[in-house]
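Asker: One structure coming up, written as structure tokens, with questions to follow.
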């Protein structure tokens, strides 16, 4: 669907304060992918996603959309903005309407849809993000933090983008709110069948939610593949200021203590299942 080839992006180009944010990055996004994008602060994650969303000035390199190579990024960016929806970190700060309904309807209204089409989009988006219909006429500012986050996501979902990018969507949420949001994203990907990119520095969030991951470090794409392969390279991740999920480090300790577990366990559920099998086999 979207492919970047040898993309380099420099902030304040040709000025003394110039800073290279991306260096020779190539990335392909296929229809229906659920990709986790990992990297420490300043690694280039946000810059990369803004280029995918068509929001930055032209970078060096090429961009193709749906198999079409564009001669210039400006033309590609117009197409990308039609296809890609970007949910920024702390999106609830962008809520401004009197009611939840109006906030979700804002994007579809700008798409010049009819009243019935807008109503259908709003209610479908609310359902997809697990937002109770009884909240639609409430003020968004009367909701909990997790509910506000879902209203903001619903506002993007209502525009029906082919690619949905979420930048640190669980930031600032309590454990219950984080779990609920990640479960909702899993359901959204399964039922909605759109491409989703989850940008996060939380290894736990990536491990439990996505199947493939890409790792950014100092503006370069240094790893890209199945989550199991990425997290099996824990030593390399640590040199980048990242880490494997906490449960995998616990599993490593159990293995060192003699428990016959796999080193490719990255979620609490997988660890519990494997330990239960061992316990049953010894009965």
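The values are calculated or read from the model by the stated rules, or taken from the named source; none is laboratory data. Quick caveat, the model's predicted, so the values are computed rather than measured. Note: ideal-geometry Cβ built from the backbone for every residue, glycine included; neighbour counts use all protein chains shown.
Asker: Given the criteria part of a loop (DSSP other than H, G, I, E, B) and under 19 Å from the mean Cα position of the chain (by Cα), does residue 50 qualify?
Answerer: no
Asker: Shifting gears a bit: Only one of these is buried (at least 18 other Cβ atoms within 10 Å of the Cβ) and either touching a strand residue (DSSP E or B) at 6+ places or on another chain (Cβ under 9 Å) or touching a residue at least 40 places away in the same chain (Cβ under 8 Å) (or both): 122, 129. Name it. Working first, answer last.
Answerer: On the way: 122 fails: either touching a strand residue (DSSP E or B) at 6+ places or on another chain (Cβ under 9 Å) or touching a residue at least 40 places away in the same chain (Cβ under 8 Å) (or both).
Of 122, 129, the one residue that is buried (at least 18 other Cβ atoms within 10 Å of the Cβ) and either touching a strand residue (DSSP E or B) at 6+ places or on another chain (Cβ under 9 Å) or touching a residue at least 40 places away in the same chain (Cβ under 8 Å) (or both) is 129.
Asker: Does any residue of the range 7-21 turn out to be surrounded by 15 or more Cβ atoms within 10 Å (Cβ to Cβ), under 30 Å from residue 125 (Cα atoms) and touching a strand residue (DSSP E or B) at 6+ places or on another chain (Cβ under 6 Å)?
Answerer: No: the range 7-21 contains no residue that is surrounded by 15 or more Cβ atoms within 10 Å (Cβ to Cβ), under 30 Å from residue 125 (Cα atoms) and touching a strand residue (DSSP E or B) at 6+ places or on another chain (Cβ under 6 Å).
Asker: Right, next: Hey, does the range 25-34 have a residue that's in contact with a helix residue (DSSP H, G or I) (Cβ under 6 Å, 6 or more places away or on another chain), part of a strand (DSSP E or B) and surrounded by fewer than 21 Cβ atoms within 10 Å (Cβ to Cβ)? Can you show your working first?
Answerer: From the range 25-34, those in contact with a helix residue (DSSP H, G or I) (Cβ under 6 Å, 6 or more places away or on another chain) are 34; that's our starting set.
When the remaining residues are screened for being part of a strand (DSSP E or B), the result is 34.
Narrowing the set further to residues that are surrounded by fewer than 21 Cβ atoms within 10 Å (Cβ to Cβ) leaves 34.
Yes, the range 25-34 has at least one match.
Asker: Taking the range 48-63 only, how many residues are modelled with pLDDT of 90 or more and surrounded by fewer than 16 Cβ atoms within 10 Å (Cβ to Cβ)?
Answerer: So the answer is 2.
Asker: Next question, about the same structure. Inspect the range 253-263 for any residue being in contact (Cβ under 8 Å) with a residue 12 or more places away in the chain and either closer than 20 Å to residue 41 by Cβ or within 18 Å of the chain's Cα centre (by Cα) (or both) and give the result as yes or no.
Answerer: Scanning the range 253-263, I find no residue that is in contact (Cβ under 8 Å) with a residue 12 or more places away in the chain and either closer than 20 Å to residue 41 by Cβ or within 18 Å of the chain's Cα centre (by Cα) (or both), so the answer is no.
Asker: Filter the range 91-105 down to the residues that are in a helix (DSSP H, G or I) and under 22 Å from the mean Cα position of the chain (by Cα), then identify the one that is surrounded by the fewest Cβ atoms within 10 Å (Cβ to Cβ). Don't jump to the end; show me each part of the working.
Answerer: First, the residues of the range 91-105 that are in a helix (DSSP H, G or I): 91-94, 100-105.
Now narrow it down to the ones that are under 22 Å from the mean Cα position of the chain (by Cα): 91-94, 103-104.
Details: 91: 20, 92: 19, 93: 10, 94: 12, 103: 24, 104: 32.
Per the criteria, the residue is 93.
Asker: Here is a check on your reading of the model: is residue 67 surrounded by 17 or more Cβ atoms within 10 Å (Cβ to Cβ) and either farther than 20 Å from residue 212 by Cα or touching a strand residue (DSSP E or B) at 6+ places or on another chain (Cβ under 6 Å) (or both)? Full working, then the answer.
Answerer: Details: surrounded by 17 or more Cβ atoms within 10 Å (Cβ to Cβ): no; either farther than 20 Å from residue 212 by Cα or touching a strand residue (DSSP E or B) at 6+ places or on another chain (Cβ under 6 Å) (or both): yes.
When the stated conditions are applied, residue 67 does not pass them.
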